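The values are calculated or read from the model by the stated rules, or taken from the named source; none is laboratory data. The shown structure was predicted, so the numbers you read here are calculated from the model rather than taken from an experiment. Neighbour counts are summed over all protein chains in view; Cβ atoms, including those assigned to glycine, are modelled from backbone coordinates with ideal geometry. Protein only, heavy atoms only, side chains kept; ligands, DNA and RNA dropped before computing areas. Shrake-Rupley method; radii C 1.70, N 1.55, O 1.52, S 1.80 Å.
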Amino acid sequence: MNLSDFDFQLPEELIATRPVNPRSAARLLVAKGDNFDDSFVSDLPGFLKSGDRLVFNDTKVLPARLDGFRSRFVDVNNVATAKIEVTLLASKKESIWSALIKPLRKIRVGEKITFDKSFEAILIDKVDGQGILHFNKENIEFLDRLEELGAMPLPPYIASKRQADKRDNLDYQTIFAEKIGSVAAPTASLHFDLGLLERLKKKGVETSFVTLHVGAGTFLPVKSEDIRQHKMHAEFGEINQKTVDEIRQTKKNGGRIIPVGTTALRLLETAAQSNDILSEWRGETDIFIYPGYKFIVADGLMTNFHLPKSTLMMLVSALMGKETIESIYNHAITKKYRFFSYGDSSLLFP
């Protein structure tokens, strides 16, 4: 199967740069096989049944983008400075992070990046185009400085159109974000507000939570024309026994398991790889789901509309069938749904 099989033409104006308000006012394309309904996220309870279970990702996005500067003594009379942009990627251990640094060529190993008078980091290594930074703060102090100085690491297709601002600190975070560790949001969950969750509860729809810390690799392009040659980035996740028991009971009772977002789906399927049975799980997953994959846990999926040629297009094609996904996306474009992280949503049942 080729990369070009997952391409499509998207009008630029359909790329959302801000979410709608309120969250649940986003549009919802409901697809049950080849049958489509145009609706709104606020109407979600009407498309679910009592006993169904939604599975959310409770990761919390770090305000991981920092602006700083590097100072370098040229001679006793001159100090050369350079602006440096840092986007944190993953914590290696306490106070040490891998990061995207722009421009990486402007800083040498051993040099310091200053973010303000009390917050700085030393570049201790360069690995595969990334920098390894040792910060002078850790634990709560480190997080406090990020909250004060950092900006949300918006996806490239938004960041190229506008800078992140304080509004994104709320918009790019789910209302149940709890466990710090992501540099990208589980965007399907951004559509949920307290009112919608309450109406789902009254309908008898149950909820569970898993944790997958979304990495910047989620935005990396697929470069292999033969998609089977693509190597997925690894992300840390965990599913506790309580969630496992809840999902097993729902399955036993005849309810459907519907992950909210591809991150929750990928983690559920990872945790069920051993003997096709969902089990408590903790570790890094690099699962790559593309057409031909046999789903073990997920009976459906709520997800936003994805980028052409992305691994997420391949995932939804695996769930619904490639031809059906092509019809869904053609319908969404014709009906002018808003695409990508801040865009509208879909509810997919194969």
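At a glance:
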read-out: Portion, in percent, of the accessible area of segment 203-249 that falls on carbon or sulfur, probe 1.4 Å; value: 51
read-out: 15 Å Cα-Cα reach of LYS106 towards aspartates and glutamates, excluding residues that sit fewer than 8 places from it in its own chain; value: ASP67, GLU85, ASP125
read-out: Relative packing of 84-91, 172-179, 143-150, which averages over residues the other C-beta atoms within 10 Å, highest first; value: 84-91, 172-179, 143-150
read-out: Cα-based reach from LYS166 at 12 Å (exclusive), listing aspartates and glutamates while leaving out same-chain residues under 8 positions away; value: GLU147, GLU148
read-out: Too-long pairs where the Cα-Cα distance tops 23 Å, listed order kept, from LYS92/LYS112; LYS242/LYS294; LYS92/LYS137; value: LYS242/LYS294
read-out: Loop trypsin sites (Lys or Arg not before Pro), segment 225-317, which have at most 15 other Cβ atoms in a 10 Å radius of their Cβ (DSSP); value: LYS231, LYS294
read-out: Those GluC sites (Glu not before Pro) in segment 264-350 that DSSP places in a loop and that have at most 16 other beta carbons within 10 Å; value: GLU280
read-out: Rounded accessible area per residue of the chain, 1.4 Å, Å²; value: 47
read-out: Accessible-area value, LYS92, 1.4 Å probe, nucleic acids and ligands omitted, Å²; value: 130
read-out: For segment 1-65 versus segment 258-332, the gap between their alpha-carbon centres in whole angstrom; value: 14
read-out: Structure-based [θ]222 nm, the chain - -39500 (n - 2.57) summed over DSSP H runs of at least 4, per residue, nearest 500; value: -6500 deg cm²/dmol
read-out: Alpha-carbon centroids, segment 133-178 and segment 202-253: separation in whole Å; value: 22
